[in-house]
1. Kindly indicate whether Val134 is in contact with a helix residue (DSSP H, G or I) (Cβ under 7 Å, 6 or more places away or on another chain) and of a type in the set (A, V, I, L, M).
2. I need the full set of residues from region 44-71 which are of a type outside the set (A, V, I, L, M, F, W, C) and either surrounded by fewer than 13 Cβ atoms within 10 Å (Cβ to Cβ) or at pLDDT below 90 (or both), in order please.
3. What tally of residues in region 22-49 results from selecting those that are in a helix (DSSP H, G or I) and free of Cβ contacts under 8 Å to residues at least 40 places away in the same chain?
4. Evaluate the following for Gly130: is it closer than 26 Å to Glu26 by Cα, in a loop (DSSP other than H, G, I, E, B) and either modelled with pLDDT of 95 or more or more than 14 Å from the chain's Cα centre (by Cα) (or both)?
5. Can you report the number of residues in region 93-107 which are closer than 15 Å to Leu166 by Cβ and either among the small types (Gly, Ala, Ser) or in contact with a Lys or Arg (Cβ under 7 Å, 6 or more places away or on another chain) (or both)?
6. Step by step: first the residues of region 84-112, then only those that are under 15 Å from the mean Cα position of the chain (by Cα) and assigned to a loop (DSSP other than H, G, I, E, B), then the one that is nearest to Met168 (Cα to Cα). Which residue is that?
7. Got a number for residues in region 113-127 being in a loop (DSSP other than H, G, I, E, B) and either in contact (Cβ under 8 Å) with a residue 60 or more places away in the chain or aliphatic (A, V, I, L, M) (or both)?
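The values are calculated or read from the model by the stated rules, or taken from the named source; none is laboratory data. Because the structure is predicted, anything quoted here is derived from the model rather than measured. Positions of Cβ are backbone-derived with ideal geometry, glycine not excepted, and every protein chain shown enters the neighbour counts.
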Amino acid sequence: MTDPKPDLTIRGVKVFEGLLDAPAQEAMVADLRKVVARAPLFSPMTPYGKPMRVRMTSAGRYGWFSDRKGYRYEPRHPSGVDWPPIPESVLRVWAAVSGTHREPDCCLVNYYTDGAKMGMHQDKDEADFGYPVVSVSLGDEALFRIGNLTRGGKTESVWLRSGDVLVMGDEARLVYHGIDRVKPDTSTLLDGGGRINLTLRVVDP
């Protein structure tokens, strides 16, 4: 994983196909099971009063959170415990592709099952958009849609497979993006199927 080069660049979004091989994926999932054991998955409420279909948790100094008060980062899991540290296996991916020596403050863990999807949105709850967002895909394939810096307009899509890594930085840091659907039974990595998406972010300035 030394100085990898992206296989695709779509609207400034860099896609590293298969950056993680099968043993690396399995080791990362084992690390994530430890995270979930300490900070269980939960379904946050949107500011509009609807529960998200994606279950999530976090690791790092902060965890991403949502309720009727809005979207934000919190220093503790809803249960009151501190978020677990970001696993070293995940930090190695950040170090390889982020282009910065600054470590991420948050690793958001999204778990997609049963037709869960993610609508088009921007990642803009962070203080400094000069740092990229790094995304890791594990498990079933997902159709990732890339839009524009403003809502609406033409979009492009790419299938993300288990082991793929994506970087949104520079001019692509604030593009709208989302997950249209997850294709079941396209990976045997996760017991019971489904998809895990990790997004690594720098939160503080």
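1. Working: in contact with a helix residue (DSSP H, G or I) (Cβ under 7 Å, 6 or more places away or on another chain): yes; of a type in the set (A, V, I, L, M): yes.
So Val134 fits the description; yes.
2. Quick first cut of region 44-71, residues of a type outside the set (A, V, I, L, M, F, W, C) only: 44, 46-51, 53, 55, 57-58, 60-63, 66-71.
Thr46, Pro47, Tyr48, Gly49, Lys50, Pro51, Arg53, Arg68, Lys69, Gly70 - these are the residues of region 44-71 that are of a type outside the set (A, V, I, L, M, F, W, C) and either surrounded by fewer than 13 Cβ atoms within 10 Å (Cβ to Cβ) or at pLDDT below 90 (or both).
3. Quick first cut of region 22-49, residues in a helix (DSSP H, G or I) only: 22-38.
When the remaining residues are screened for being free of Cβ contacts under 8 Å to residues at least 40 places away in the same chain, the result is 23, 30, 33, 37.
Of the residues in that region, 4 qualify.
4. Working: closer than 26 Å to Glu26 by Cα: no; in a loop (DSSP other than H, G, I, E, B): yes; either modelled with pLDDT of 95 or more or more than 14 Å from the chain's Cα centre (by Cα) (or both): yes.
For Gly130, the condition - closer than 26 Å to Glu26 by Cα, in a loop (DSSP other than H, G, I, E, B) and either modelled with pLDDT of 95 or more or more than 14 Å from the chain's Cα centre (by Cα) (or both) - is not met.
5. Let us first name the residues in region 93-107 that are closer than 15 Å to Leu166 by Cβ, namely 93-94, 96-99, 104, 107.
Remaining after also requiring either among the small types (Gly, Ala, Ser) or in contact with a Lys or Arg (Cβ under 7 Å, 6 or more places away or on another chain) (or both): 96, 98-99, 104.
So the count comes out to 4.
6. Ranking the candidates gives Ser98 first.
7. Taking region 113-127 first, the residues in a loop (DSSP other than H, G, I, E, B) are 113-117, 122-127.
Still in the running and either in contact (Cβ under 8 Å) with a residue 60 or more places away in the chain or aliphatic (A, V, I, L, M) (or both): 113-117, 123, 125-127.
Qualifying residue count for the region: 9.
Okay, residues lined up against (1) among the small types (Gly, Ala, Ser); (2) over 27 Å from Ala30 (Cβ atoms):
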{"position": "Gly70", "(1), (2)": "yes, yes"}
{"position": "Val90", "(1), (2)": "no, no"}
{"position": "Trp94", "(1), (2)": "no, no"}
{"position": "Pro104", "(1), (2)": "no, no"}
{"position": "Leu108", "(1), (2)": "no, no"}
{"position": "Gly115", "(1), (2)": "yes, no"}
{"position": "Arg145", "(1), (2)": "no, yes"}
{"position": "Leu149", "(1), (2)": "no, yes"}
